[in-house]
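Have a look at the structure below before the remarks.
The values are calculated or read from the model by the stated rules, or taken from the named source; none is laboratory data. Keep in mind the model is a prediction, meaning the values are calculated, not measured. FYI the Cβ positions are ideal-geometry reconstructions off the backbone, even for glycines, and counts take in every protein chain you see.
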Amino acid sequence: MSTQKKTHVSTTINGEPCEFLCEPQQILSDVLRTNLNMTGTKEGCTTGDCGACSVILDGALVCSCLVLAVEAENRSIETIEGIAEDGKLHPIQQKLLEHAALQCGICTPGVVIASKVLLEKNPDPSEEQVRYWLAGNLCRCTGYDKIIRAVLDAGAVMRGEARS
Amino acid sequence: MNQQVKPVKTDFKYVGTRPIRPDGPDKVTGRAKYGADLNLPGMLFGHIVRSPHAHARIKSIDFTEALKLPGVLATMCADDLPDPGDRILPGAEIEMKLKDISPIIMARDKVLFHAQAVAAVAATSASLAAEAAKLVRVEYEVLPHVLDVHAAMRDDAPLLHNDMFTQGMNPPPTTPSNLSVDFTMDMGDLAAGFAEADVVVERTYRVPMCHQGYIEPHAAVARTDGNGRVEIWCCTQGHFMVRSMTAEITGIELGKIKVIASEIGGGFGGKTTVYGEPVAAVLALKSGRPVKIVMSREEVFRATGPVSSAETRVRIGAKNDGTITAIETDILMESGAYSSSPIMPSTMFAAACYRCANMRSRGREVLTNKAKVWAYRAPGAPQSIMAVECAINEVAERLGMDPIDLRLKNAVEEGDVPLFGLPFLAIGLKKALQEAKNHPHYRAPLQANQGRGVAAAFWINAGMQSSATINVAADGSLHVLTGNPDIGGSRASMALLAAEVLGIPVETVHPSVVDTDSVGYCDTTGGSRTTLATGGAVIQAAEMLVAELCKRAAAIWNVNFDDVEWSDGKAIARIGADLENLMEGTAAAASAPKVLTLAELAAMAGATGGPLCAVATLHAHNAQPAFAVNICDAAVDRETGKVDILRYTCIQDAGKAVHPAYVEGQMQGGAVQGIGWALNEEYIYNEKGELDNAGFLDYRIPVASDLPMIDTVIVEVPNPLHPFGIRGVGEVPICPPMPAVVTAVNQAAGVRVCDLPLTPPKLLAAIDAA
Amino acid sequence: MPSVQYEAPTSLAQAAQSLHGSSDAKILAGGTDLLVQMKLGIRQPALIVDIKHIPELMELTLGDRGLHLGAAVPGAIVSAHAKVGNMYPGLVEAFALIGSSQIQGRCSAGGNLCNASPAADSVPALMVNRASCNIVGPKGTRTVAVEHFNTGPGKNCLENGEILVSMDIPLPAPRSSDAYLRFIPRTEMDIAVAGAAVALSLDASGVCTAAIVAIGAVAPTALLVPAAAVALIGTTLDDAALHKAAAAASAASSPISDKRGTAEYRRKVVGVLVRRAAAIAKARIEAKV
């Protein structure tokens, strides 16, 4: 085991080229967190049930715990660390703060990532659509109310209908 | 420090506003560091070896094969820990014997539940450590186990502890048993109370074992300095608690341990104890390398938390006019493998909402071969309040009375004496009930197959010990240091409290949660105590700072201290005849400005007596109870038993809501946890004593699409003992949801299911039988 | 830990070679089952063969002969295809029910089938849409009707070295539609306690001329229920016919009791789902004409 050869992976993370060595069975969330020290992506279950490890893989929302790191070869990954641009928070991040939509904050990076994919796909979702889209992002603190409001509000900002 | 009785402040400038929390940007960008987010050079990964049996004697533990793997650098088991003897553990939320907690860290002689920790290894990678753990050979002598509280009380039941004699019995029993506690509290004449009643309702309700369900698994990193000092980084509700518990469990001198609290990804009571922290410390000492231990989700479910199940028989008598004449509760609470259940609060607070002359409450704690239970939000109260509130609703039904009117008629108010202690001071139950009654939700029409449930609840709230340090930087910004992990926005509250006292914009106040070396002792974040007690320390420190600032200004102006007042972030020399006369003719008076801002005073600090810093410590005895009322509308699909929560409203007395958005958040989060417990959450054990649903797939906490918006109404009846009127708000929100949901669902379905959770199969069977 | 190899062949031939070289290989498509099983220690393959770089596995075309669906196409791609959704609404709703939005980004039609869970959401819907499975292996290619693909819980008909490449789903007849419903205790994130798919054709007067009914999570594999179909054919899908179909589905089921539901409950609810799915399929046809 300890002598197992590691695999070299070339990928793109948050728009920047990135190379790493990993064990073939290592999951992407583990490599992001342990090998690359990008700990913004959280691990709550590593079985795809909580959504805390959500990342965007070639445009698709995925749980990074259900992706092998070696699968990242020649692909593009977006993580929570890449969502704020030039030090300016994304409207989703800003609205989560304004609505006090996080308590402990462990689910928040996953919520930001999942909501971003939703609002890019569907700029004007209904409350029900937001709730179903985020069903895979478990939050134990908030009862979801303020998260849902924040995402709906962020959508309005992104559509230019509300102030950021 | 003594607590002055001052008039409660009611005019606020910053308290009651909703600024963005200071730690917010780090948390929405992924910069915030949680328990598992620390990686150190040369770090090893620890892995716990767990029992495959629910009850067994440990005959031997052999690490030989594990140590043969290159990269396996340290191992440990209970032999590496001191014998706990009969020592009482300091610092725990509930008084606890060390022998009831040390075996959770590493089992000694026997394992008493499946997945109990028996050994640990540390290796150079997580996968290697997992592999090495499989090679640790543990020999067991398997013993019969018991999983049911009633079976556990039988004479022929397998005995978990041969030194467990029931407490609370008079005379004390002479033979050991699995019944650890049996006590009764009485008030008035119960028989006379029931004799007076026109209506008597009697039911037995069961609430299942559940889990706190925090999303962040327990994680710790320990490192040593090669000279016996140990530093522990971990996600916890109380790093001072981690320090004392680790010292007690491992025998490492307390003074040599420093604990740094990471950000915490939820706890709800479940992180008011230790699991991997002492293990990481011992492995770090043995290997000389940093050691990280992160639990898997499966380990979290199998071996941490869970929450006591309870069976509560309730009997309530009332007159035709709605006067409650007698309340009896008898609670049988499951504690898992060691005594640690919240049977005391469960027994004491079951009917605390009601004024009733004749009450009796009996509490029994029973041990079974399941994971040792631990605290969950208002520990013990939801289980017994569940039964009492459902019975109150049934009394209302039998009397043909509105359930809120029945409660208003019997609700406790100032001066009433509860079963458990001193008379209530000003409390907000009646106000909350009135708000519920007036809420549009309560009058909204219901359709077919829909029901509405109402419930009220009480929680005691804790005070305990806290400290705060405030440093003033040269630009007049404030740095507020406390020792309570921020589990739901408490930094924002600390900043608001300091800003209020100093009269400066909240954005110039920078709160931090600092390590055990850097601030005075703080009890754990729990018991809804942080805003009240740690916030109280912040208020005191800020007031001390104001006094010091006025002193400095007085010196600069060469006036009396009493002639300087602090207002809106500034020292102001009073303008008055006496003052003018006093100052006239002095050089200082001629040149001194009449106003000095905090920033100006801060800039001059070096020349006026040195750095500006205030430290306050206190033992808060001013906690006052919280009350909450919930309204729930539910629909039931009569063909599948599926429940839909249609509308939900929470009303709660917050005393004073320091940051109202985070108070609402506590109300909403607690409501949804209670909804989950009522409908779907439960521990399912197989006959071998293994948890059958140790993951978020089958331990079903509510997801976003299960819920409507959760409306909130904050009532503010100030706590007369707190300078700002603050009560705790975090725990009472989980107390009313179960009875509100159960009443709504039973009404919608036209059944009376008393055995929670109200799963679709259970409901459908009841509907079909009706 | 035995060392794990990872290969990502770009052709079926290469994949065959990879599989041939290892006695303990597992195919990786979306990974939403395999990686969980590896995490929980249920599977420890020596070789993981990632098939997502093989073009045939990633095809999705809708033509005159119906839907041709590569086995590794993720659910989110199927759902995003508006024409497929119009043509096979029940099939697409079944795919869309496999896990969360995150799972949808990865889970594949082929994986949901090959994993052979009795509760797989897409399988009853594939059955009522008469899907056929295209398999390539050392002995050449073969086609298997979807209802014969799985042989028991966790077991399918694939032999050593065989790969499920794609599925073909014929175009529905005119005046036809389908629906899939499942029961879970929450609204999302659960495994089906029971599932039912119904495909119907109606004539101009509203009489059912063809019906296929399949049920899931109530037997070792998803099942076709011909008796339920018979109960619907020739009727106007009135209450009596729907209840008869429901009873037939309940009778055909042989569920177990487990942590997700009791046998008695599953038997009853699967009938309810059949009845409701049939009503939805009927409404969909009526909405089209």
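Rundown of residues vs (1) in contact (Cβ under 8 Å) with a residue 60 or more places away in the chain; (2) on the phi < 0 side of the Ramachandran plot, yes/no style:
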{"site": "C:Ala82", "(1), (2)": "no, yes"}
{"site": "C:Gly90", "(1), (2)": "yes, yes"}
{"site": "C:Phe95", "(1), (2)": "no, yes"}
{"site": "C:Arg106", "(1), (2)": "yes, yes"}
{"site": "C:Arg130", "(1), (2)": "yes, no"}
{"site": "C:Glu159", "(1), (2)": "no, yes"}
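Scanning segment C:134-146 for residues that are closer than 24 Å to C:Ala217 by Cα and out of contact with any helix residue (DSSP H, G or I) (no Cβ under 6 Å at 6 or more places or on another chain), we see that the one that is surrounded by the most Cβ atoms within 10 Å (Cβ to Cβ) is C:Val144.
Against the conditions (1) within 25 Å of B:Thr597 (Cβ to Cβ); (2) within 14 Å of chain A (Cβ to nearest Cβ), B:Pro505 satisfies every one except (2).
Residues in segment A:110-138 that are more than 13 Å from chain C (Cβ to nearest Cβ) and crowded, with 23+ Cβ neighbours inside 10 Å: A:Val112 alone. In segment B:318-325, the count of residues that are under 20 Å from B:Ala130 (Cα atoms) and either away from every other protein chain (no Cβ under 14 Å) or not in a loop (DSSP other than H, G, I, E, B) (or both) is zero.
May I ask you to list the residues in segment A:63-82 that are of a type in the set (A, V, I, L, M) and more than 7 Å from every other protein chain (Cβ to nearest Cβ)?
Here is the first cut: in segment A:63-82, the ones of a type in the set (A, V, I, L, M) are A:66-70, A:72, A:77, A:80.
Hits for segment A:63-82 are A:Ala69, A:Ala72, A:Ile77.
Checking each residue in segment C:174-222 for being within 20 Å of the chain's Cα centre (by Cα), of a type outside the set (Val, Ile, Thr), away from chain A (no Cβ under 14 Å) and not in a strand (DSSP E or B) picks out C:Ala192, C:Ala217, C:Ala219, C:Pro220, C:Ala222.
Residue selection: B:Thr712 fails the criterion of being more than 10 Å from every other protein chain (Cβ to nearest Cβ) and either under 22 Å from the mean Cα position of the chain (by Cα) or more than 23 Å from B:Ala495 (Cβ to Cβ) (or both). Residues that are of a type in the set (S, T, N, Q) and more than 23 Å from the chain's Cα centre (by Cα) number at least 1 in the following strands (runs of 3 or more DSSP E) confined to segment B:364-482: B:450-459, B:464-472.
Is it fair to say B:Leu67 is in contact with a helix residue (DSSP H, G or I) (Cβ under 7 Å, 6 or more places away or on another chain), at pLDDT 95 or above and within 14 Å of another protein chain (Cβ to nearest Cβ)?
Values: in contact with a helix residue (DSSP H, G or I) (Cβ under 7 Å, 6 or more places away or on another chain): no; at pLDDT 95 or above: yes; within 14 Å of another protein chain (Cβ to nearest Cβ): yes.
Here the answer is no, as B:Leu67 does not meet what is asked.
Within segment B:249-262, residues that are in contact (Cβ under 8 Å) with a residue 40 or more places away in the chain have Cβ atoms under 9 Å from residues that are assigned to a helix (DSSP H, G or I) and basic (Lys, Arg) in these pairs: B:Ile257/B:Arg243; B:Lys258/B:Arg243; B:Val259/B:Arg243, counting only partners at least 6 apart in sequence or on another chain.
Would you check if there is a residue in segment C:171-178 being among the acidic types (Asp, Glu), buried (at least 19 other Cβ atoms within 10 Å of the Cβ), within 18 Å of C:Asp50 (Cα to Cα) and in contact with a Gly (Cβ under 7 Å, 6 or more places away or on another chain)? Scanning segment C:171-178, I find no residue that is among the acidic types (Asp, Glu), buried (at least 19 other Cβ atoms within 10 Å of the Cβ), within 18 Å of C:Asp50 (Cα to Cα) and in contact with a Gly (Cβ under 7 Å, 6 or more places away or on another chain), so the answer is no. Within the set C:Gly66, C:Gly75, C:Gly31, the sole residue that is surrounded by 24 or more Cβ atoms within 10 Å (Cβ to Cβ), on the phi > 0 side of the Ramachandran plot and not hydroxyl-bearing (Ser, Thr, Tyr) turns out to be C:Gly31.
Scan B:Arg243, B:Arg229, B:Arg206 and give me the residue that is among the charged types (D, E, K, R) and either surrounded by 24 or more Cβ atoms within 10 Å (Cβ to Cβ) or in contact with a Cys (Cβ under 6 Å, 6 or more places away or on another chain) (or both). Break it down stepwise before answering.
Working: B:Arg229 fails: either surrounded by 24 or more Cβ atoms within 10 Å (Cβ to Cβ) or in contact with a Cys (Cβ under 6 Å, 6 or more places away or on another chain) (or both); B:Arg206 fails: either surrounded by 24 or more Cβ atoms within 10 Å (Cβ to Cβ) or in contact with a Cys (Cβ under 6 Å, 6 or more places away or on another chain) (or both).
After ruling out the rest, the residue left standing is B:Arg243.
Just the residues that are outside any loop (DSSP other than H, G, I, E, B) and buried (at least 19 other Cβ atoms within 10 Å of the Cβ), please, taken from segment C:245-266.
First, the residues of segment C:245-266 that are outside any loop (DSSP other than H, G, I, E, B): C:245-252, C:258, C:261, C:263-266.
Hits for segment C:245-266 are C:Ala245, C:Ala246, C:Ala248, C:Ala249, C:Ser250, C:Ala252, C:Gly261, C:Tyr265, C:Arg266.
The helices (runs of 4 or more DSSP H) falling completely within segment C:1-103 that include 2 or more residues that are within 14 Å of chain A (Cβ to nearest Cβ) and within 27 Å of A:Cys22 (Cα to Cα) map to C:34-39. Do we have any residue at all in segment B:710-727 that's crowded, with 24+ Cβ neighbours inside 10 Å, in contact with a Cys (Cβ under 9 Å, 6 or more places away or on another chain) and part of a loop (DSSP other than H, G, I, E, B)? No: segment B:710-727 contains no residue that is crowded, with 24+ Cβ neighbours inside 10 Å, in contact with a Cys (Cβ under 9 Å, 6 or more places away or on another chain) and part of a loop (DSSP other than H, G, I, E, B). Taking every residue in segment B:31-58 that is more than 14 Å from every other protein chain (Cβ to nearest Cβ) and pairing it with any residue that is among the aromatic types (Phe, Trp, Tyr) and surrounded by 21 or more Cβ atoms within 10 Å (Cβ to Cβ), at least 6 positions away or on another chain, the pairs with Cβ-Cβ distances below 8 Å are B:Ser51/B:Phe113; B:Ala54/B:Phe113; B:His55/B:Phe113. Screening segment A:21-42 for residues that are surrounded by fewer than 19 Cβ atoms within 10 Å (Cβ to Cβ) and either touching a residue at least 60 places away in the same chain (Cβ under 8 Å) or outside any loop (DSSP other than H, G, I, E, B) (or both) and picking the one that is farthest from the other protein chains (Cβ to nearest Cβ) gives A:Leu21.
Meeting the requirement of 1 or more residues that are under 27 Å from B:Phe63 (Cβ atoms), the strands (runs of 3 or more DSSP E) wholly within segment B:89-191 are B:117-123, B:137-142. Working only within segment C:255-275, note down all residues that are farther than 14 Å from C:Ile184 by Cα and of a type in the set (Asp, Glu). The one that is farther than 14 Å from C:Ile184 by Cα and of a type in the set (Asp, Glu): C:Glu264. From the list A:Thr47, A:Thr11, the one residue that fits, being modelled with pLDDT of 95 or more, surrounded by fewer than 24 Cβ atoms within 10 Å (Cβ to Cβ) and either away from chain B (no Cβ under 11 Å) or not in a loop (DSSP other than H, G, I, E, B) (or both), is A:Thr11. Taking C:Leu40 as the residue in question, decide whether it is in contact with a Ser or Thr (Cβ under 9 Å, 6 or more places away or on another chain), closer than 26 Å to B:Gly695 by Cβ and surrounded by fewer than 17 Cβ atoms within 10 Å (Cβ to Cβ). It is true that C:Leu40 is in contact with a Ser or Thr (Cβ under 9 Å, 6 or more places away or on another chain), closer than 26 Å to B:Gly695 by Cβ and surrounded by fewer than 17 Cβ atoms within 10 Å (Cβ to Cβ).
Among the listed residues B:Ser308, B:Ser262, which satisfies the condition of being among the hydroxyl-bearing types (Ser, Thr, Tyr) and closer than 24 Å to B:Arg31 by Cα?
On the way: B:Ser308 fails: closer than 24 Å to B:Arg31 by Cα.
Residue meeting the stated conditions: B:Ser262.
The residue of segment B:676-705 that is nearest to B:Gln624 (Cα to Cα), among those that are more than 10 Å from every other protein chain (Cβ to nearest Cβ) and assigned to a loop (DSSP other than H, G, I, E, B), is B:Glu681.
Let's see how each residue does on (1) closer than 20 Å to C:Phe95 by Cβ; (2) touching a residue at least 12 places away in the same chain (Cβ under 8 Å); (3) in contact with a helix residue (DSSP H, G or I) (Cβ under 9 Å, 6 or more places away or on another chain); (4) acidic (Asp, Glu):
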{"site": "C:Gln17", "(1), (2), (3), (4)": "no, no, no, no"}
{"site": "C:Gly21", "(1), (2), (3), (4)": "no, yes, no, no"}
{"site": "C:Ile27", "(1), (2), (3), (4)": "yes, yes, yes, no"}
{"site": "C:Leu40", "(1), (2), (3), (4)": "no, no, yes, no"}
{"site": "C:Gln44", "(1), (2), (3), (4)": "no, yes, yes, no"}
{"site": "C:Asp50", "(1), (2), (3), (4)": "no, yes, yes, yes"}
{"site": "C:Leu60", "(1), (2), (3), (4)": "yes, yes, yes, no"}
